[in-house]
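Only one structure is covered here, and it is reproduced in the block below.
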């Protein structure tokens with residue numbers, strides 16, 4: 001058992017980014033205090049404009065991702081898109097911004113979420129970004145990027161070097177978010193594209209019987225901040241030119257619509273904002289904002305207290321939440337997290353197990369449960385739940401690494417190497433993937449499911465290499 005004041009060194013697969021010049025090196029996942037339920041991947045950016053490198057963080061959280069999925073499913077369907085293939089990524093940056101790139105990927109800053117007072121504002125932004133997706137307005141720089149992973153997309157857009165890091169101390173919930181200088185070079189739409197995306201957003205909102213007033217409120221905030229900021233203009237207004245004509249057009253539509261401006265997701269919105277506020281803001285600021293005994297205040301304060309290592313008050317607030325809603329998967333997940341991270345992993349596992357039972361389709365919850373089962377040496381249970389996580393989210397490198405560790409503890413050399421091959425394959429480390437897959441084929445029974453999967457990985461690598469050689473040849477012939 002690790003005490004909360006010890007400095008563990010954990011090594012998990014890095015969030016791999018493509019190299020854009022120079023040496024791109026991935027560091028191990030290290031931290032002083034294991035503080036991660038909101039998982040942070042910090043990208044150290046070699047900004048392509050003058051100035052020092054800046055950091056950008058992607059946040060993973062089961063509850064927040066589920067909330068945004070609920071917000072957006074109907075909008076995506078109205079746009080003729082399959083919600084299951086759309087991906088929304090949360091960027092830890094305090095500025096108001098959102099953008100789409102790489103086909104079916106939408107990125108939203110935490111600053112935008114925290115500045116919205118109802119879900120309609122976020123839904124309006126996502127409807128607008130969906131308009132860019134459907135309209136094919138994605139700016140492509142440095143080659144075609146539609147088929148790249150989100151990691152390589154971010155690298156292509158924003159930088160060259162990457163490291164993966166945890167939280168340096170209990171006073172921080174998420175690493176400091178980066179700035180947005182480089183985005184301006186790559187993610188700028190024309191005024192015509194903005195008008196077209198607005199029109200598409202209005203169609204999607206009308207089709208789903210949702211008011212455009214949320215869009216208008218956000219535009220008004222952006223216009224007001226742009227007027228007050230003088231030279232420090234918010235990136236959204238740079239990437240998305242915000243003219244008076246656009247605002248007035250949306251205003252006229254808002255005034256004439258007969259759709260009620262109701263926030264049907266007010267509860268989910270308040271929970272999401274409280275959680276982000278607790279993790280991202282300084283605890284003192286959270287205590288000033290969340291002062292009553294409402295569910296949202298208890299949520300924010302329980303996190304803020306934990307940030308201060310005030311475990312007694314943190315658990316007191318969290319236990320009030322669980323008394324209110326004992327069957328809430330995310331409150332149980334948070335209790336599990338806090339127990340594990342305060343040095344009581346064995347006590348935390350039952351809460352993760354309950355969260356998994358209550359919300360069985362979350363790869364993130366399963367991944368955390370599997371990790372802690374592995375820590376308790378419950379190997380068969382860990383393998384079972386991590387295998388389920390891998391089916392739900394095949395591209396999570398940490399899941400494959402944990403599976404490799406579990407099979408390694410069982411001295412199953414064939415499956416250990418197969419899991420390492422999966423991990424390397426996702427990371428585009430073809431040499432390593434080929435090596436591990438060949439060992440797996442040699443160690444596993446011929447034509448067994450694992451043997452066949454290892455063979456598939458080898459075939460994919462060979463095919464991808466041929467495709468790359470063909471593409472390079474095509475470029476040379478032009």
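Do we have any residue at all in region 304-312 that's buried (at least 20 other Cβ atoms within 10 Å of the Cβ) and more than 26 Å from residue 68 (Cβ to Cβ)? Yes: region 304-312 contains one or more residues that are buried (at least 20 other Cβ atoms within 10 Å of the Cβ) and more than 26 Å from residue 68 (Cβ to Cβ).
The combined condition, being at pLDDT 90 or above and farther than 28 Å from residue 359 by Cβ, is fulfilled by residue 80. Evaluate the following for residue 440: is it more than 26 Å from residue 364 (Cα to Cα), surrounded by 18 or more Cβ atoms within 10 Å (Cβ to Cβ) and assigned by TED's automatic domain parsing to the domain that holds residue 368? Yes, satisfied. Within the set 456, 428, the sole residue that is in the same structural domain as residue 403 (by TED's automatic domain parsing) and in contact (Cβ under 8 Å) with a residue 12 or more places away in the chain turns out to be 428.
Mind checking which residues of region 226-260 are assigned to a loop (DSSP other than H, G, I, E, B) and modelled with pLDDT under 80? Quick ask: steps written out before the conclusion?
So the first thing to find is which residues in region 226-260 are assigned to a loop (DSSP other than H, G, I, E, B), and the list is 230-234, 240-243, 257-260.
Within region 226-260, 230, 231, 232, 233, 234, 240, 241, 242, 243 meet the criteria.
Before we move on, is residue 114 farther than 27 Å from residue 392 by Cβ and surrounded by fewer than 20 Cβ atoms within 10 Å (Cβ to Cβ)? Yes. Of the residues examined, residue 114 is not one that is touching a helix residue (DSSP H, G or I) at 6+ places or on another chain (Cβ under 7 Å) and without any contact (Cβ under 8 Å) to a residue 60 or more places away in the chain. In summary, residue 388 fulfils each of the numbered conditions (1) assigned to a helix (DSSP H, G or I); (2) closer than 21 Å to residue 274 by Cα with the single exception of condition (2). Considering only residues in region 443-467 that are touching a helix residue (DSSP H, G or I) at 6+ places or on another chain (Cβ under 8 Å), part of a helix (DSSP H, G or I) and exposed (fewer than 14 other Cβ atoms within 10 Å of the Cβ), the one that is modelled with the lowest pLDDT turns out to be 465. When region 358-371 is limited to residues that are touching a residue at least 12 places away in the same chain (Cβ under 8 Å) and more than 16 Å from residue 382 (Cβ to Cβ), the one that is surrounded by the fewest Cβ atoms within 10 Å (Cβ to Cβ) turns out to be 361. Keeping to region 61-100, report how many residues are in a strand (DSSP E or B), crowded, with 17+ Cβ neighbours inside 10 Å and under 11 Å from the mean Cα position of the chain (by Cα). Matching residues across region 61-100 total 4. Can you tell me how many residues in region 390-405 are closer than 22 Å to residue 85 by Cα, touching a helix residue (DSSP H, G or I) at 6+ places or on another chain (Cβ under 6 Å) and free of Cβ contacts under 8 Å to residues at least 40 places away in the same chain? Of the residues in region 390-405, 4 are closer than 22 Å to residue 85 by Cα, touching a helix residue (DSSP H, G or I) at 6+ places or on another chain (Cβ under 6 Å) and free of Cβ contacts under 8 Å to residues at least 40 places away in the same chain.
Based on what the data block shows, is residue 413 modelled with pLDDT of 95 or more, touching a helix residue (DSSP H, G or I) at 6+ places or on another chain (Cβ under 7 Å), closer than 21 Å to residue 451 by Cβ and surrounded by fewer than 19 Cβ atoms within 10 Å (Cβ to Cβ)?
Working: modelled with pLDDT of 95 or more: yes; touching a helix residue (DSSP H, G or I) at 6+ places or on another chain (Cβ under 7 Å): yes; closer than 21 Å to residue 451 by Cβ: yes; surrounded by fewer than 19 Cβ atoms within 10 Å (Cβ to Cβ): yes.
Answer is yes for this residue.
Okay, residues lined up against (1) surrounded by fewer than 20 Cβ atoms within 10 Å (Cβ to Cβ); (2) modelled with pLDDT of 75 or more; (3) in a helix (DSSP H, G or I):
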site	(1), (2), (3)
181	yes, no, no
184	yes, no, yes
197	no, yes, yes
204	no, yes, yes
209	yes, yes, no
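The values are calculated or read from the model by the stated rules, or taken from the named source; none is laboratory data. A quick note: this is a predicted structure, and the numbers were derived from the prediction, not measured. Here the Cβ is made from the backbone with ideal geometry for all residues, glycine too, and neighbour counts use every protein chain on show.
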